[in-house]
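Student: Questions regarding the structure given below will be posed in turn.
The values are calculated or read from the model by the stated rules, or taken from the named source; none is laboratory data. Everything numeric here is computed off the predicted structure, so don't read it as measured data. Quick reminder, even Gly has a Cβ in these numbers, built from the backbone with ideal geometry, and neighbours come from all protein chains shown. To get the accessible areas, we keep the full protein, side chains included, count just its heavy atoms, and leave off ligands, DNA and RNA. Shrake-Rupley method; radii C 1.70, N 1.55, O 1.52, S 1.80 Å.
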Amino acid sequence: MPSINYFHPSYKREEPRTDAKFGIGDDGKLAFTTFDEEKTVVEVRNEARRSVQFTPIDHNVVVMENGKERSQCDGMLHIPATRELIFVEMKTGERKWVTEAVEQLESTINHFAANHVVTDFKKRSAYAANNRYPYFQSSKMEMCEAFRARTKFRLNITNRIVIK
């Protein structure tokens, strides 16, 4: 499989933003940032107003395996000032959404790690989000710890990202 630079300018990515609050949505084509609450699946709080760049991953950074497109998460937030990287997977369904989101996040992170040095990023997070279930009721501590052991990324199951 050829190497892929997730930061290459040939991929669609949004201009860096410093807004204190914005959302991330997905229309089935490419994920995007938005101020429209009806289109928001994940809320991003950026009170420090850091420069944040959003790159849609799914249907943009296409990875082929055995003639099929590899399942990847919806998008990636990069905050250069704090050397932070955040992968985001958004779901709207009710059944098995956490498991499916975690699988897509892990698939993306594994491919990213095969092409980049993840320890170049001081803070590494992954968010599984569903606007129908903004606060997950049961503890997923074991799942989160296992995810971190496998990927070196912290897993969060919530629809709010706070950038510090």
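Student: Per residue, how many Å² of accessible area does the range 12-138 show with a 1.4 Å probe? Before the final figure, lay out each step's value.
Tutor: Numbers: 6580 Å² over 127 residues.
Using a 1.4 Å probe on heavy atoms only, each residue of the range 12-138 averages 52 Å².
Student: Find the relative contact order for the chain and round it to a whole percent, using C-alpha pairs within less than 8 Å whose residues are 6+ positions apart.
Tutor: On the way: 320 pairs, mean separation 36.2, N = 164.
RCO, the chain: 22 percent.
Student: By how many nm would the segment from Glu15 to Leu30 lengthen if fully extended, with 0.36 nm per residue of separation less the alpha-carbon distance?
Tutor: 3.9 nm
Student: Right, here's the next one. Summarise the accessible area of the range 36-91 (1.4 Å probe, protein heavy atoms) by the percent that is carbon and sulfur.
Tutor: Working: 1030 of 2540 Å².
Roughly 41 percent of what the probe reaches on the range 36-91 is carbon or sulfur.
Student: Shifting gears a bit: Calculate, in nm to one decimal, what Ser51 and Thr92 gain on full extension: separation in residues at 0.36 nm each, minus their alpha carbon distance.
Tutor: On the way: separation 41, 0.36 × 41 = 14.76 nm, distance 2.82 nm.
Contour length minus the Cα-Cα distance gives 11.9 nm.
Student: Which of the GluC sites (Glu not before Pro) found in the range 38-105 are loop residues per DSSP with 11 or fewer other Cβ atoms within 10 Å of their Cβ?
Tutor: Numbers: sites: Glu38, Glu43, Glu47, Glu65, Glu69, Glu84, Glu89, Glu94, Glu100, Glu103; in loops: Glu38, Glu47, Glu94.
Answer in residue order: Glu38, Glu47, Glu94.
Student: Within 10 Å of each candidate Cβ there may be at most 15 other Cβ atoms; applying that plus a DSSP loop requirement, which chymotrypsin sites (Phe, Trp or Tyr not before Pro) in the range 31-104 survive? Before the final figure, lay out the partial values.
Tutor: On the way: sites: Phe32, Phe35, Phe54, Phe87, Trp97; in loops: Phe35.
Answer by residue number: Phe35.
Student: Taking H placed 1.01 Å from N in the peptide plane, check which residues at least 5 places from Phe7 or on another chain put their amide H under 5 Å from its amide H.
Tutor: Excluding prolines and chain starts, which carry no amide H, there are no hits.
Student: Please list, in order along the range 110-119, the HN-Hα scalar couplings obtained from phi with the Karplus expression 6.51 cos²θ - 1.76 cosθ + 1.60 (θ = phi - 60°), rounded to whole Hz, x for Gly and Pro.
Tutor: 4, 5, 4, 5, 6, 10, 9, 8, 5, 6
Student: Could you pull the accessible area for Met90 with a 1.4 Å probe, rounded to 10 Å²?
Tutor: Counting only protein heavy atoms, the figure is 20 Å².
Student: Also, quick follow-up: Quick one: what are the phi-derived ³J(HN,Hα) couplings along the range 82-87, Karplus 6.51/-1.76/1.60 with θ = phi - 60°, whole Hz, x for glycine and proline?
Tutor: Whole-Hz 3J(HN,Hα) from phi for the range 82-87: 10, 6, 10, 9, 10, 9.
Student: 222 nm [θ] for the chain, helices only, -39500 (n - 2.57) per DSSP H run of 4+, per residue, to 500? Can you show the working numbers first?
Tutor: Working: 2 runs with 30 residues, N = 164.
When only DSSP H runs of four or more count, the value is -6000 deg cm²/dmol.
Student: For the range 7-87, rounded, prolate or oblate, judged on the Cα gyration tensor with a ≥ b ≥ c (square roots of eigenvalues), a/c < 1.5 rounded, else prolate if a/b > b/c?
Tutor: Values: a/c = 2.49, a/b = 1.51, b/c = 1.64.
Oblate.
Student: The range 47-113: which trypsin sites (Lys or Arg not before Pro) are DSSP loop and have at most 11 other beta-carbon atoms within 10 angstrom? Walk me through the numbers on the way to the answer.
Tutor: Working: sites: Arg49, Arg50, Lys68, Arg70, Arg83, Lys91, Arg95, Lys96; in loops: Arg49, Arg50, Arg70, Arg83, Arg95, Lys96.
Those that pass, being in a loop and sparsely packed, are Arg49, Arg95, Lys96.
Student: Same structure again: Which far-off residues, 5 or more places away or on another chain, put their amide H under 5 Å from the one on Val44, with H placed in the peptide plane?
Tutor: Amide H to amide H, under 5 Å and 5 or more residues apart or across chains, Val44 pairs with Phe22, Gly23, Ile24, Ile161.
Student: Which cross-chain or sequence-distant (5 or more) residues have an amide H under 5 Å from the amide H of Ala126, H modelled 1.01 Å from N in plane?
Tutor: Correct list: Phe87, Arg154, Leu155, Asn156.
Student: Too long at a 29 Å Cα-Cα cut-off: which of Lys12/Lys39; Lys39/Lys140; Lys91/Lys122; Lys39/Lys122; Lys21/Lys122? Please report the intermediate quantities before stating the final value.
Tutor: On the way: Lys12/Lys39 20 Å; Lys39/Lys140 27 Å; Lys91/Lys122 27 Å; Lys39/Lys122 31 Å; Lys21/Lys122 23 Å.
Table pairs above 29 Å Cα-Cα are Lys39/Lys122.
Student: Here's a follow-up. Just to check I understand the Karplus step: with θ = phi - 60° and J = 6.51 cos²θ - 1.76 cosθ + 1.60, what whole-Hz values come out for the range 10-22, glycine and proline as x?
Tutor: Taking θ as phi minus 60°, the curve returns 6, 7, 5, 8, 7, 5, x, 10, 10, 5, 6, 8, 7 Hz for the range 10-22.
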